[in-house]
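For reference, the structure discussed in these notes is given below.
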Amino acid sequence: MASFFQDGTVPQQRVVEGVAFPAVLVPSAPAAGDGGLDEFLAAVRAERESRLEPLVRAAGALLLRGFPVRTAPDFDRTVDAFGYEELPYVGGAAPRTNVVGRVFTANESPPDQKIPFHHEMAQVPTFPSKLFFFCEVEPKSGGETPIVLSHYVYKRMKEKFPEFVEKLEKDGLIYTRASKLGMKLEWTEDGVKTIMGPIPAVKWDENRGRKIWFNSMVAAYTGWKDARNNPVKAVTFGDGSPLPNNVIAECGKILEEECVAIPWHQGDVLLIDNWAVLHSRRSFEPPRHVLASLCK
């Protein structure tokens with residue numbers, strides 16, 4: 001039986017340790033007929049275990065391009081077709097609004113701001129294993145979503161800063177920020193401050209048998225800044241000692257060097273394994289509507 005899907009490419013795609021990153025699937029012309037969304041969803045269910053899941057496991061990220069996903073309800077049905085259990089968005093740092101069903105807006109921070117690399121909700125104990133993004137309206141310009149393989153970032157950081165990584169693995173990280181999950185509470189003149197940690201900054205990916213750089217260290221250190229939050233104090237070693245500025249800067253460079261920036265096309269669906277891949281967002285010229293859904 002012919003597959004509904006065929007391998008595709010994007011110009012930014014790269015090969016990391018012999019694997020194309022990200023994996024890309026486009027419609028297979030003979031198989032992808034005029035059945036529209038229902039036919040696509042049936043194909044997702046039929047080929048999920050044989051084709052889609054193995055690609056996600058191998059590559060860490062899968063881009064579905066050229067399929068008839070047009071609206072937020074279409075995207076909601078697409079996520080449902082993959083069969084993952086929904087994870088409520090509780091304790092994350094990003095501003096999000098529920099759109100429909102299990103679909104939320106992506107981070108609503110201003111378009112001129114970059115969002116640094118992070119694993120989704122790495123600063124809280126319960127985080128998604130999978131996340132979906134959907135481009136409802138593509139950006140006028142910019143707005144790419146760069147992605148990078150976490151185990152490869154760990155490998156490069158371990159080679160360049162072995163003592164730093166050793167301390168990180170030993171002590172973990174403490175994140176200090178307003179949030180909603182059970183944390184120590186410390187009252188200040190401005191209100192309540194939430195402290196989460198120590199939380200491991202390097203994890204073991206059981207599914208793939210390798211260590212991963214699982215943290216929001218660079219994002220918190222460089223991006224958690226407002227009237228109440230000092231980014232330098234937003235994240236520290238688990239023993240409370242400060243993170244060295246030069247190492248954070250070098251880690252940021254490694255993330256940029258190793259990333260693939262995905263330019264959004266209307267209708268794109270990007271499935272990310274949150275254990276394997278960090279993601280970020282580049283600044284953009286509106287409009288740009290990218291929706292998200294989190295899965296256990």
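The values are calculated or read from the model by the stated rules, or taken from the named source; none is laboratory data. Here the structure is a predicted model, which means the values were calculated and not measured. All Cβ positions, even for glycine, are placed from backbone atoms using ideal geometry, and neighbour counts span all protein chains on display. Note: accessible area is taken over every heavy atom of the protein model, side chains too, but ligands, DNA and RNA are not part of it. Shrake-Rupley method; radii C 1.70, N 1.55, O 1.52, S 1.80 Å.
For segment 119-151, the candidate set comprises residues that are out of contact with any strand residue (DSSP E or B) (no Cβ under 6 Å at 6 or more places or on another chain) and modelled with pLDDT of 90 or more; within that set, the residue that is farthest from Glu250 (Cα to Cα) is Glu138. When residues in segment 40-70 are screened for being closer than 24 Å to Val137 by Cβ and not basic (Lys, Arg), 11 of them pass. Among the residues of segment 57-80, the ones that are within 30 Å of Glu17 (Cα to Cα) and open to solvent by 50 Å² or more (accessible area, probe 1.4 Å) come to 3 in all. If you check every pair at least six apart or on different chains, which have Cβ atoms under 7 Å apart with a residue in segment 151-167 that is without any contact (Cβ under 8 Å) to a residue 40 or more places away in the chain first and a residue that is open to solvent by 40 Å² or more (accessible area, probe 1.4 Å) second? From residues that are without any contact (Cβ under 8 Å) to a residue 40 or more places away in the chain, the pairs are Val165/Lys158. The sole residue among Val148, Val99 that is open to solvent by 10 Å² or more (accessible area, probe 1.4 Å), farther than 24 Å from Lys233 by Cα, hydrophobic (A, V, I, L, M, F, W, C) and in a strand (DSSP E or B) is Val99. Taking segment 209-280 as the region of interest, the strands (runs of 3 or more DSSP E) fully inside it that hold 1 or more residues being touching a helix residue (DSSP H, G or I) at 6+ places or on another chain (Cβ under 9 Å) and farther than 21 Å from Ser129 by Cβ are 235-237. Taking every residue in segment 101-112 that is farther than 10 Å from Ala72 by Cβ and of a type in the set (Asp, Glu) and pairing it with any residue that is open to solvent by less than 50 Å² (accessible area, probe 1.4 Å) and modelled with pLDDT of 95 or more, at least 6 positions away or on another chain, the pairs with Cβ-Cβ distances below 9 Å are Asp112/Ser283; Asp112/Phe284. Considered as a group, the residues in segment 191-218 that are modelled with pLDDT under 90, closer than 15 Å to Ile174 by Cβ and of a type in the set (Gly, Ala, Ser) include one that is surrounded by the most Cβ atoms within 10 Å (Cβ to Cβ), and that residue is Ser216.
Taken as a whole, the condition of being open to solvent by 10 Å² or more (accessible area, probe 1.4 Å), modelled with pLDDT of 95 or more and not hydroxyl-bearing (Ser, Thr, Tyr) applies to Pro54.
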